[in-house]
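Read through the structure below, which is laid out as structure tokens, and then see the notes.
The values are calculated or read from the model by the stated rules, or taken from the named source; none is laboratory data. Worth saying up front: this structure is predicted, and the values here are computed from it rather than measured. Cβ atoms come from the backbone with ideal geometry, glycine included; neighbour counts cover every protein chain shown.
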């Protein structure tokens, strides 16, 4: 067996696995809080947080305990039967978001697909759009997942190329431009699907007031607003939900990642009654969606977010980290961007991968996006001394370039 040998583990993965990822050359074996440890026991600070799935930190003891307790009772029943954990989780998510209905799935992409189906169904049943004519508007440079439908409306050639034909019924407008959205709406438009902050694109934050104006336009034109908060939700931007920064509650809200506490895939779609209420038995489903183990993990993950006040912590630590990034100087730095603990450092040259490799040698694990930008998104439990240490390592890494 190759379990104890990092080089053999990597070799086996390369031999038998599809090469759809390009991971940094490190083999991780355990984690706690903002730290992970490799096979040789070296410690690294996690600055990716599994794309914000680990807002509560690695292996939070309360979430782990909840998972272990449920594993000893009941893990899966399928939706053919009831179990006592789903109702309380649905109620909690609805009360937190201010929406009225919720459906539980597994992955974020599955949540987005669910939202797409719900918007189209509402378009036909409530808005009166002719069958097969419903249209959904998206933002350019979006990232909503990897299914064939989702990559079909992506503007990223790497995500989209080779997977056609594209699913019809989508059109794209520039991100951050509410006027362009208004011009694009037609009588057949049933929804606008957008990320409040574009994470995968490179931590792009729209102009102040954008979400508020988008909310006004969609409401005035009888179009559903669907916010993909899989990455920005559950505390990451300094509020429980990113839409709270501008009071722009959507008609549909997609959650995932941190809803799992990093332990088990859980996603959710929340909406008004008249949207998800259109689903009837047989129109949608998921074998594992909303299973007892997922519900127990999600409830514990929400407990940690609330009891440890992690959204406020993200606001405070994020502002501190952002200030530190803005104070860095290097001729190759274009700018720092960020909101809460979702931060990016963009370079004038495509050195993102090399910069992440250099950071790794100094004990920081980060991820570049589109070669020019490096993301810094540690777990929300990170402290000021830990951020100070990280900024020092980033500063010394810059000196190498």
**Among (1) at pLDDT 95 or above; (2) in the same structural domain as residue 395 (by TED's automatic domain parsing) - the single one residue 370 does not satisfy** = (1)
**Prompt:** Any idea which of (1) over 23 Å from residue 158 (Cα atoms); (2) in contact (Cβ under 8 Å) with a residue 24 or more places away in the chain; (3) buried (at least 17 other Cβ atoms within 10 Å of the Cβ) is the one residue 362 doesn't satisfy?
**Reply:** (3)
**Prompt:** When you go through (1) under 21 Å from residue 52 (Cβ atoms); (2) modelled with pLDDT under 95 one by one for residue 401, which number turns out not to apply?
**Reply:** (1)
**Message:** Given the criteria closer than 14 Å to residue 236 by Cα and either at pLDDT 95 or above or in contact with a helix residue (DSSP H, G or I) (Cβ under 7 Å, 6 or more places away or on another chain) (or both), does residue 310 qualify?
**Reply:** yes
**Asked** How many of the residues making up region 31-41 are touching a residue at least 24 places away in the same chain (Cβ under 8 Å) and surrounded by 11 or more Cβ atoms within 10 Å (Cβ to Cβ)?
**Response** 7
**Asked** If we only count helices (runs of 4 or more DSSP H) wholly inside region 151-251, which ones have 2 or more residues that are modelled with pLDDT of 95 or more, surrounded by 19 or more Cβ atoms within 10 Å (Cβ to Cβ) and not assigned by TED's automatic domain parsing to the domain that holds residue 340?
**Response** 178-184, 210-220
**Asked** Of all residues in region 97-137, which are closer than 13 Å to residue 251 by Cβ and either assigned to a strand (DSSP E or B) or not assigned by TED's automatic domain parsing to the domain that holds residue 154 (or both)?
**Response** 101, 136
**Complete:** A careful count of residues in region 78-96 that are assigned to a loop (DSSP other than H, G, I, E, B), surrounded by 11 or more Cβ atoms within 10 Å (Cβ to Cβ) and at pLDDT 95 or above gives 2
**Message:** Please go through region 138-150 and give me each residue that is in contact (Cβ under 8 Å) with a residue 24 or more places away in the chain and either not in a loop (DSSP other than H, G, I, E, B) or not assigned by TED's automatic domain parsing to the domain that holds residue 230 (or both), ordered by number.
**Reply:** 138, 139, 149, 150
**Prompt:** Which ones in region 262-292 are in contact with a helix residue (DSSP H, G or I) (Cβ under 7 Å, 6 or more places away or on another chain) and either without any contact (Cβ under 8 Å) to a residue 12 or more places away in the chain or on the phi > 0 side of the Ramachandran plot (or both)?
**Reply:** 262, 290
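For every residue, the table says whether it meets (1) in contact (Cβ under 8 Å) with a residue 60 or more places away in the chain; (2) loosely packed, with under 15 Cβ neighbours inside 10 Å; (3) part of a loop (DSSP other than H, G, I, E, B); (4) under 21 Å from the mean Cα position of the chain (by Cα).
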position	(1), (2), (3), (4)
9	no, no, no, no
18	no, yes, yes, no
23	no, yes, yes, yes
55	yes, no, yes, yes
65	yes, yes, no, no
**Fill in**
With criteria (1) surrounded by fewer than 18 Cβ atoms within 10 Å (Cβ to Cβ); (2) within 23 Å of residue 231 (Cα to Cα); (3) touching a strand residue (DSSP E or B) at 6+ places or on another chain (Cβ under 7 Å), residue 383 comes up short on (3)
